[in-house]
């Protein structure tokens, strides 16, 4: 049964009520981490780095040659220059729209594309989703534990671990749909949590649900579908009352279909207007692994124990990420969310409740979150070292070392370190 939150004199009552002011608190805390990241592991000279140009080129085509003309799809070259090019059909490119808007501002202000702005945008997506996750953890712990300080500490613990999660840090180099859909998924869970505290959802609540569901399906329809199926399965079995009064046709089915139809309309427009353009993409057999391919991973146990999983993702030594691998299955970042909530929010608050709220488990969880965030930052820094480290290593060998995030990972970098150490040992022997 939910506990009544206890008041704390030096904390504003708006935080106690868990409303918008509370979200602003987590947004501010996330901004502190965001700034720290760009002063540490992301403190790079963008002009000296090489980035994958696929999405950058797509945004340039949209701005310089027309977004609607190209159907909002992933054209890397203007269609007027080449109508026989291959276009990735597996995404509506909805996840790029915020970056698209920012780059239009950059074009109007500076007259060109800004890679630094893209890097800021990519990490801002993680910042927003981490603030939402911290807010979700806070509101849920507050209802269960009742102590505001404990809820705040566990909320920021979840937020810090998620925001420094190595795969989230890797989005600095390139954004993917998996990063953007987390914003909608966590937002949906926040609405669910709030619906548990009020018998009849408000009209604004329904509007937010429509926007979130549409955003989910337009960004990543397959992930959105399985997310909602899982939600309804759990809700029907464990808490049937939560799905009452939600106007499922109006707030779930219609906006979901609208997102899918808009995506299909983009594909149909491009194919009808430019029949020579080839729409390509991986099929469902490849994505489910039922085609038998072992190019990226073997069986399901390989997701947990195959060292190649961590090297393919470019995130460093598998030993550093065994815990993260258990939490996220080493691949999809949105799978880490329920495990962070379970380990750093629900488990400590449950232990606090059965031990008469001694506070020790909240302190331990907070310290563990802080220490593990540092572990994640260090592991990412090893996998993607700063230019000063690369320069000092490359000056001691004749090979060129490319700072390309698709090639420059620990699998490539580790042999360089070993050769550098071996050269020192051989020099000492001589």
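The values are calculated or read from the model by the stated rules, or taken from the named source; none is laboratory data. Being a predicted model, the structure only gives us computed values, none of them experimental. Virtual Cβ from ideal backbone geometry, glycine too; neighbours counted across all protein chains shown.
In the range 233-269, of all residues being under 18 Å from residue 214 (Cα atoms) and at pLDDT below 85, the one that is surrounded by the most Cβ atoms within 10 Å (Cβ to Cβ) corresponds to 246. Against the criterion of being assigned to a helix (DSSP H, G or I), at pLDDT 85 or above and under 18 Å from residue 142 (Cβ atoms), residue 342 qualifies.
Residue-by-condition table, conditions (1) exposed (fewer than 13 other Cβ atoms within 10 Å of the Cβ); (2) free of Cβ contacts under 8 Å to residues at least 60 places away in the same chain; (3) under 18 Å from residue 139 (Cα atoms):
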residue	(1), (2), (3)
346	no, no, yes
354	yes, yes, no
357	no, no, yes
369	no, no, no
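Listed conditions (1) in contact with a helix residue (DSSP H, G or I) (Cβ under 7 Å, 6 or more places away or on another chain); (2) modelled with pLDDT of 85 or more; (3) more than 30 Å from residue 48 (Cβ to Cβ) are all met by residue 371, apart from (1).
Just to be sure I understand, how many residues within the range 18-55 are touching a helix residue (DSSP H, G or I) at 6+ places or on another chain (Cβ under 7 Å), within 13 Å of residue 118 (Cα to Cα) and part of a helix (DSSP H, G or I)? Result for the range 18-55: 2. Screening the range 29-61 for residues that are at pLDDT 95 or above and surrounded by 17 or more Cβ atoms within 10 Å (Cβ to Cβ) and picking the one that is farthest from residue 79 (Cα to Cα) gives 29.
Among the criteria (1) assigned to a strand (DSSP E or B); (2) over 30 Å from residue 279 (Cβ atoms), the one residue 87 does not fulfil is (2). For the criterion of being at pLDDT 75 or above, assigned to a helix (DSSP H, G or I) and touching a helix residue (DSSP H, G or I) at 6+ places or on another chain (Cβ under 8 Å), residue 325 fails. Only helices (runs of 4 or more DSSP H) whose full extent lies in the range 102-182 are considered here, and the ones with at least 1 residues that are surrounded by fewer than 21 Cβ atoms within 10 Å (Cβ to Cβ) are 115-145, 148-163. Kindly check whether there is at least one residue in the range 63-73 that is under 25 Å from residue 170 (Cβ atoms), at pLDDT 90 or above and either in contact with a helix residue (DSSP H, G or I) (Cβ under 7 Å, 6 or more places away or on another chain) or surrounded by fewer than 19 Cβ atoms within 10 Å (Cβ to Cβ) (or both). Within the range 63-73, one or more residues are under 25 Å from residue 170 (Cβ atoms), at pLDDT 90 or above and either in contact with a helix residue (DSSP H, G or I) (Cβ under 7 Å, 6 or more places away or on another chain) or surrounded by fewer than 19 Cβ atoms within 10 Å (Cβ to Cβ) (or both).
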